[in-house]
Amino acid sequence: MSAQSNESVTQDAAASDRARERERQQQALADRLSHIRHKVMVLSGKGGVGKSTVAVHIARALAEAGRRVGLLDVDVHGPSVPRMLGLEGQGVTLEGETIVPVTAAGLKVISIGFMLPQRDAPVIWRGPMKMNVIRQFLADTAWGDLDFLIIDSPPGTGDEPLSVAQLVEGADGAVIVTTPQEVALADVRKSINFCHQLSLPVLGVVENMSGFACPKCGEVTDLFGTGGGERMAREMGVPFLGRVPIDPAVVRASDAGTSAVGPNAEGPVAEAFETIVGPLLALDGAAQPQDAGDTNPHADEEISTMRIAIPLAAGKLATHFGHCETFALVDVDPASGEIQKTEMADPPAHAPGVLPKWLADQGAEIIIAGGMGSRAQGLFAEQGIQAIVGAPSMPPEDLAAAYVAGTLQAGDNVCDH
């Protein structure tokens, strides 16, 4: 055999080894993510908008609601999550080749900040290295069974958010953080378009630093304006989750590694995050709060019923929810996908804000609609109801079953107002 033939055989063997390793890594990633019910990215096209603060408080609010939560900080160059959780100086441990996350405040946490030799040590990596590390954080970390994994990404639409979006197939979507000023909104719009181009659902927009909460009287005063995030969400046809004011207590809490949300937390910031996580909790209709002392969180677990509201006209999905004849309220077992029962309910007279509140009173967690304006989506989000728009005209039970099975094919939103 010639030297050239030997070299060709060696190259083929190396290529085969690389292919097997990629397949092993992909299987390990899929196995790990299969134990995480919901994966949510926190993004912003603009730095300095408080994105990590929002990510940490969303994670803590979900944990306070009894959910099993992991927090992954993929901001390789500026990891701030360890500081905000009072975990600076701590490091991860290894069990074989498995990374054991740091735990704090009911969260399982991973950050490159746990692996730096010094707090001020720079990370000078190119894209492929960052992609490999993020893959390792996802696939080789002992996340266990989680209801939510919150992924805090650096600002912009570069390597880190792109890597997460490509690695986490079937992610529930992204929460987009902005401040009210147009200088921030211009860049944040790029994050929304980034999500659209990658077919990553936008769960909603959070307007951070929306006014200043006086530490003495609690009155909120606009400093940078207000409402810009909501207007942008409306213009771009995505839900608006809520506003978070500037509160000196939050600044002190973040620096001290504590939180503005918790069992005894009060004030406008705590109230804001209670509203913001409502739609995320609605995603998790099947998850039950866990007893911290329960060594087997799945023992004797009862899966709650998910109630899906579907506006009907002539027995099928109405083109626009506000013009429907009646609502089908379909109760589904989210574990088995079995339709338990369907009730018909005549809605009250249509007026802005009426139907979201009425459906919340009926126990609805999801509304599947053909068309719905961005303002209405925001109103449903405020009631903790997730809106699925662009659904095809089908019988209600078929729509509910397809949604639970993950096979519902949503098309264009037929309503743009």
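The values are calculated or read from the model by the stated rules, or taken from the named source; none is laboratory data. Source: prediction; values computed, not measured. When we count neighbours, we look across all protein chains shown, and the Cβ atoms used for this are built from the backbone with ideal geometry, even at glycine.
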(Q) Among the residues of the range 145-159, are any assigned to a helix (DSSP H, G or I), surrounded by 13 or more Cβ atoms within 10 Å (Cβ to Cβ), at pLDDT below 90 and touching a helix residue (DSSP H, G or I) at 6+ places or on another chain (Cβ under 7 Å)? (A) yes
**Q.** Residue check, Arg32 assigned by TED's automatic domain parsing to the domain that holds Thr179, within 21 Å of Asp147 (Cβ to Cβ) and part of a loop (DSSP other than H, G, I, E, B)
**A.** no
Q | Where His38 falls short, out of the listed (1) within 12 Å of the chain's Cα centre (by Cα); (2) modelled with pLDDT under 85 | A | (2)
Q: Go through Leu85, Leu29, Leu33, Leu43 for me and flag whichever is touching a Cys at 6+ places or on another chain (Cβ under 9 Å) and either among the acidic types (Asp, Glu) or at pLDDT 75 or above (or both).
A: Leu43
